[in-house]
Each structure stands twice: as C-alpha cells, then as structure tokens.
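Peer 1: Take a look at this one; I'll ask things after.
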Amino acid sequence: MTSPLDVGFGPAASAQPATAGAQRTRRIIVAITGASGAIYGVRLLQVLQGLRDSAGVESHLLMSPAGLMNVQHELHMTREEVEALAHVVHNVRDIGATIASGSFAAEAMVVAPCSMKTLAAIAHGLSDNLIARAADVTLKERRRLILMVRETPLNLAHLRNMTAITEMGGIVFPPVPGFYQRPKTIDDLVDHTIGRVLDLLGLPQTLAANWPGLYSAE
C-alpha cells in the first residue's frame, strides 16, 4: 500500500485527454481532501469517467496526503486505483500546473470531501497547494465551485468560512443524506448526493430522481 506521505511527488501530471470529436470538452476538477467521506470523491470520479464519450467530460484529479489516507482507510483503495479513475492526475504540490491558471478552460471544481482546513484556505485565499490555488482560480474566474464540507458539530470559524465561500459565489454542499428517497443501501445515499452534484454541474445523471411530489412518491 502506498504511504500517504508519497502524495505530491512523482510526475507533475498524467494525462489522457478526452477525445469526443467536435464535442466541447468539459473539464471538471475533483479534489479529495482529508475529511471523512472519501467515497463521495471516488464515486464522482467513477461517474465522470462514464461521461467522457457521451458528454465530453474530462476529469482532473487532485488528492491531498490526508485525502489519500482516508481513501486507504475508508475504502481500502490504493492511490493508483483512484488515479486510474481520472482522465488527468495532478501533483498537489505543482503550483505551475495547467489548472493553476485561469487561462486553462476548466468548467467547474468539486472538493469531495472538503476538510475544514481546505475550506479555511479557500475562504481566506491561501493558495498553499494546488487544491487551494485551483479553487481560488475557480472563484476568480466566476466558475462553479462546490465544496462538500464534512464536519460535525461546526464551530464559529467553520460557519464563517462557509459564509465567506457563499458570498464569493461558491456552493457549500454538505453531503447530507436525503431519506425522502427511501434509500436501502449506503450506495443509494451516496448516489443521491452525487446525483445532486451532477445536477449543479449541468451534467446528465440517473443517480437521483427528481422529486415527484409527496403523493406521487407513495
């Protein structure tokens, strides 16, 4: 098993560019950080991988050392297994990467899950690694930023940072289960949440059905 301390070394990026003919390439950045809930980032990567040909999606992965630690602990996956789900993999320490510049046409960024450290760094413009820098670029270019914050209970610093992100135009998206869809498994809960994220990204999805109304749901 790869040590979490190895994250950030090696090649700056490995790329498998999307080839969707004349279709517009929709670049989505996915960052996995050290909060619990690594399954959300991995599941999002799986779904985006399936949208490569049909929707022209090109996923760009960033994973912090603590994010990898949680992937290994919660999902028993290696770094290589997660990276294989992405079209492009970036070194979290490579501040000179393509996604560090607003001139690179990324469409959106999702931090799944988003730790309170990463939330604070983004809220205060502290681009100390490529995750925070890419998020800063996403905000300054007025692109969609979704932070799947995962912590409980919340202190005042957490709440103020979430308010700051919202005021900047980002979306604070806690992965709160939707029990009204009557989930039967953990996968159902995860898929419902990821389906909602895909809706916000304007991507096609069949993971979360639209609410038909209370009586239609009976």
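Peer 1: In the range 122-131, how many residues are in a helix (DSSP H, G or I) and closer than 13 Å to Asn91 by Cα?
Peer 2: The total comes to 2.
Peer 1: If you check Val30 against the conditions, is it in a helix (DSSP H, G or I), at pLDDT 95 or above and in contact with a strand residue (DSSP E or B) (Cβ under 9 Å, 6 or more places away or on another chain)?
Peer 2: no
Peer 1: Does Val176 fit the bill of being closer than 27 Å to Leu139 by Cα and out of contact with any Pro (no Cβ under 9 Å at 6 or more places or on another chain)?
Peer 2: For Val176, the condition - closer than 27 Å to Leu139 by Cα and out of contact with any Pro (no Cβ under 9 Å at 6 or more places or on another chain) - is met.
Peer 1: Here's a follow-up. Take the residues in the range 147-175 that are closer than 25 Å to Gly50 by Cβ and of a type in the set (A, V, I, L, M, F, W, C), then tell me which one is surrounded by the fewest Cβ atoms within 10 Å (Cβ to Cβ).
Peer 2: Ile171
Peer 1: Exactly one of these conditions fails for Ser14: (1) at pLDDT below 50; (2) more than 22 Å from Ala105 (Cβ to Cβ); (3) surrounded by 13 or more Cβ atoms within 10 Å (Cβ to Cβ). Give me its number.
Peer 2: Evaluating Ser14 over (1) at pLDDT below 50; (2) more than 22 Å from Ala105 (Cβ to Cβ); (3) surrounded by 13 or more Cβ atoms within 10 Å (Cβ to Cβ) leaves (2) as the failure.
Peer 1: Filter the range 127-146 down to the residues that are at pLDDT 95 or above and out of contact with any strand residue (DSSP E or B) (no Cβ under 7 Å at 6 or more places or on another chain), then identify the one that is surrounded by the fewest Cβ atoms within 10 Å (Cβ to Cβ).
Peer 2: Arg142
Peer 1: In the range 83-121, what count of residues is obtained for those that are part of a helix (DSSP H, G or I), surrounded by fewer than 24 Cβ atoms within 10 Å (Cβ to Cβ) and free of Cβ contacts under 8 Å to residues at least 60 places away in the same chain?
Peer 2: 3
Peer 1: Before we move on, is Thr206 modelled with pLDDT under 95 and closer than 18 Å to Leu51 by Cβ?
Peer 2: yes
The values are calculated or read from the model by the stated rules, or taken from the named source; none is laboratory data. The structure displayed is predicted, hence computed values, not measured ones. In this analysis, Cβ positions are derived from the backbone assuming ideal geometry, glycine residues included, and neighbour counts consider all displayed protein chains.
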